[in-house]
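Bear in mind that the values in this text are calculations on the coordinates, not laboratory data. On a predicted model such as this, the values are computed, not experimentally measured, just so you know. Every residue, glycine among them, receives a Cβ derived from its backbone with ideal geometry; neighbour counts consider all protein chains shown.
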Amino acid sequence: DPRGLYTCQIEDKKKKLQVHYRMCQNCIEVDAATISGIVVADVVATVLLAVAVYCVTGHNRGHMSRGEGGTALLAAHRWG
């Protein structure tokens, strides 16, 4: 454990140095290839998710939009 107060003495001069040392026991080293792989995988997953959302919501053929048919529903509600 390198923590502590160190003293260096040269001739009649003394200098003190306080050392704080913190060690991560659960840390892992990640190299550049791993980081780039994670970034590429994240971009690919985002693109696939965007395509999936487009495919699910982008092809609303045969469905009325919010504005269409609203008056008919309102009229049916008043008389029904």
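Restricting to Cα atoms and excluding each atom paired with itself, what does the Kirkwood estimate give for region 3-63 in Å?
17.8
Once you put a point 7 Å from the Cα of residue 41 and another 7 Å from the Cα of residue 9, both along the Cβ direction, what distance in nm separates them?
In this crude label model, residue 41 to residue 9 measures out at 5.7 nm.
How do 37-47, 3-13 rank on mean C-beta neighbours within 10 Å, highest first? Provide the component values of the computation, followed by the final result.
Working: 37-47: 10.3, 3-13: 7.9.
Packing order, densest peptide first, comes out as 37-47, 3-13.
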